Every structure is written in structure tokens, then in C-alpha cells.
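Some notes on the structure that comes next.
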Amino acid sequence: MNRELAFLRTFAITCGIGMTLLTTLAFKKYGNHKFNEIDVERINIVEKDGTIKMIITSVDKFPNGQEKINGKSTNADRKKRSGMLFFNEDGIECGGFIYDGKKSENGHSSGLSLTYDQFDGDQVMQLLTQDYQKGDKRFVSSSLSFNDRPAKESQAKTMEIMKELEALRKKDPKLMQEKYKLYEREGLIGGAPRLMLGKSREQNNGLFLFDDKGMPRAMFYVDKNNVAKLDFLDEKGNTIDSFPKRKE
């Protein structure tokens, strides 16, 4: 009986080792694996050193909150959407592609955004489409935008500052504004749009230029009445000259 038990144990162990080896060798097969169809909730594109370079994800698996990517915390306040996130050689997020769209009780909302970030900062270029409808009113805007970002900006520092400002907002809104302006003067947060090509909220299609404070200074566009215009504005947004001249 003891000899039979020993034989059965040896046989079971041998079979287990054999199956493990076969499975391991099967998944270590060199070359490309081909699939007709595959369903996944998230794909991480990873370099040999373990650095995540791209994430393709569903809404539920979108990284935010407590999850760390490449050892760095993600933006806890970011809304979860399906799409892609890009990371550079240092493992820092450097852009992404997101989209969404759904019907509401009396309309719909949808959007698409492709962005590229300043190194260790926020977006300096964005391709954006927005489509909202409420009742009989519908707003559609599509644009390509270029932005200035603060010289000393970093993603980790920005997250830290935003948490501080949010806590102050609940206790002392005036102090929060003062703190924001201080960090802005120090070049840690802020930024401004500088150029936008596309359709504005006023349904004007054209080229729109902004100063370093984000104020519109020149616009060459075709308005919703199909009239071509060229406008120049001062630092307060007042029109100072136009072509053709506006009628008084």
C-alpha cells in the first residue's frame, strides 16, 4: 500500500511539472501571436525596463485616484473615460486621447479630445470636439488649440497646489484667490490659450489669437451670417479696429 501511494504521489508531481513546463513554453513562444478577436478592459504597453508607455482602457479601468503609474500618482480629480494615455521615457504622462457621448433626458452630450503635454506639465496642444443639445438648442464646437504653460510647472506640484487651494476654497475663498495668484506669479500654475483654429461658442469659424493672459487680441473669421471679418481687441476685450469697418 505504501509503495502504491508513493508511486501515485510521484506520478502526480511529475504530471504537474510537465503541465507547467508545457504551459510556460507555450506562452514563451517567439514571434507574433495572432487573434481573430480579443475582448479586454485595459492594455498596458510596457517597455523591457517595466516603464508603461501607453494605456488603452475602458471607463472602469481608467487610471485615477489611488493608482500609481510608473511610481507616480495619477490625477484623482480626473473624470473617467475610455481612451488612451501616453507616457514618456521617464514614465511621466505626456498626453492622451479620450472620448465620450450619451443621451440625456432632453438632448445629448459628447466630446473627443486629443492632447499633447508640456514636459511634466499640462497640455500645450489640443484637438477638441464638443457637441451638446438641450431641447431644441444644440451647440457644436471643433477646434485645434495651442496653449502656453508655466515654466516651472510639474504634475506632482500642481496636484499638491490644487489640493491646498481646494481646502482653502471651503474655508476662505478670498485667501484661496490670493494663493492662486501667488503660485501663478511664481510660474507654478496657470497658463493661457494663445491660438485657436476652429468654431467658437459664438459659432464663428476662423483663426483666434490671444495674449499671454489668455485675452483675445485678434480674430479673422466668418460669422454665422456668412460675413467675413477681421477684428482687433485691446487687453480688456474691447474691439479697437475692424475690417470691414463696423457701422456705428
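Would you pick out the residues in region 204-236 that are over 30 Å from residue 160 (Cα atoms), of a type in the set (A, V, I, L, M, F, W, C) and open to solvent by 30 Å² or more (accessible area, probe 1.4 Å)? Once the filter is applied, which keeps residues that are over 30 Å from residue 160 (Cα atoms), of a type in the set (A, V, I, L, M, F, W, C) and open to solvent by 30 Å² or more (accessible area, probe 1.4 Å), region 204-236 yields 207, 209, 219, 220, 222, 227, 228, 230, 232. The lone criterion from (1) out of contact with any strand residue (DSSP E or B) (no Cβ under 7 Å at 6 or more places or on another chain); (2) part of a loop (DSSP other than H, G, I, E, B); (3) exposed (fewer than 11 other Cβ atoms within 10 Å of the Cβ) left unmet by residue 201 is number (1). Test each condition in (1) at pLDDT 95 or above; (2) crowded, with 16+ Cβ neighbours inside 10 Å for residue 144 and report the one that comes out false. The failed condition is (2).
Could you check, for region 147-169, whether at least one of its residues is under 27 Å from residue 101 (Cα atoms) and open to solvent by less than 80 Å² (accessible area, probe 1.4 Å)? Within region 147-169 (the criterion being under 27 Å from residue 101 (Cα atoms) and open to solvent by less than 80 Å² (accessible area, probe 1.4 Å)), the answer is yes, since at least one residue qualifies.
Contact map, region 214-227: first residue among the charged types (D, E, K, R), second residue assigned to a loop (DSSP other than H, G, I, E, B) and open to solvent by 60 Å² or more (accessible area, probe 1.4 Å), Cβ cut-off under 8 Å, separation 6 or more or different chains; pairs are 217/235; 223/202; 224/202. Going through region 63-119 one residue at a time, which ones are within 19 Å of residue 129 (Cβ to Cβ), open to solvent by less than 40 Å² (accessible area, probe 1.4 Å) and in a loop (DSSP other than H, G, I, E, B)? None - no residue of region 63-119 is within 19 Å of residue 129 (Cβ to Cβ), open to solvent by less than 40 Å² (accessible area, probe 1.4 Å) and in a loop (DSSP other than H, G, I, E, B), so the list stays empty. Cβ-Cβ contacts under 9 Å between residues 6 or more apart (or on different chains), taken from a first residue in region 96-107 that is on the phi < 0 side of the Ramachandran plot to a second residue that is assigned to a loop (DSSP other than H, G, I, E, B) and among the aromatic types (Phe, Trp, Tyr), are listed as 98/62.
Out of 70, 75, one residue alone is in contact (Cβ under 8 Å) with a residue 12 or more places away in the chain and either at positive phi or acidic (Asp, Glu) (or both). It is 70. Could you say whether any residue in region 120-135 is touching a strand residue (DSSP E or B) at 6+ places or on another chain (Cβ under 7 Å), in contact (Cβ under 8 Å) with a residue 24 or more places away in the chain and open to solvent by 60 Å² or more (accessible area, probe 1.4 Å)? Yes, because at least one residue in region 120-135 is touching a strand residue (DSSP E or B) at 6+ places or on another chain (Cβ under 7 Å), in contact (Cβ under 8 Å) with a residue 24 or more places away in the chain and open to solvent by 60 Å² or more (accessible area, probe 1.4 Å). For beta carbons closer than 8 Å, sequence separation of 6+ or different chains, a first residue in region 38-66 that is farther than 20 Å from residue 80 by Cβ and a second that is exposed (fewer than 11 other Cβ atoms within 10 Å of the Cβ), the qualifying pairs are 51/89.
The values are calculated or read from the model by the stated rules, or taken from the named source; none is laboratory data. Computed from a predicted model, the values in this text were never measured in an experiment. Methodologically, a virtual Cβ is constructed for each residue, glycine included, from the backbone with ideal geometry; neighbour enumeration extends over all protein chains shown. What goes into the accessible areas is simple: the full protein's heavy atoms, side chains included, and nothing from ligands, DNA or RNA. Shrake-Rupley method; radii C 1.70, N 1.55, O 1.52, S 1.80 Å.
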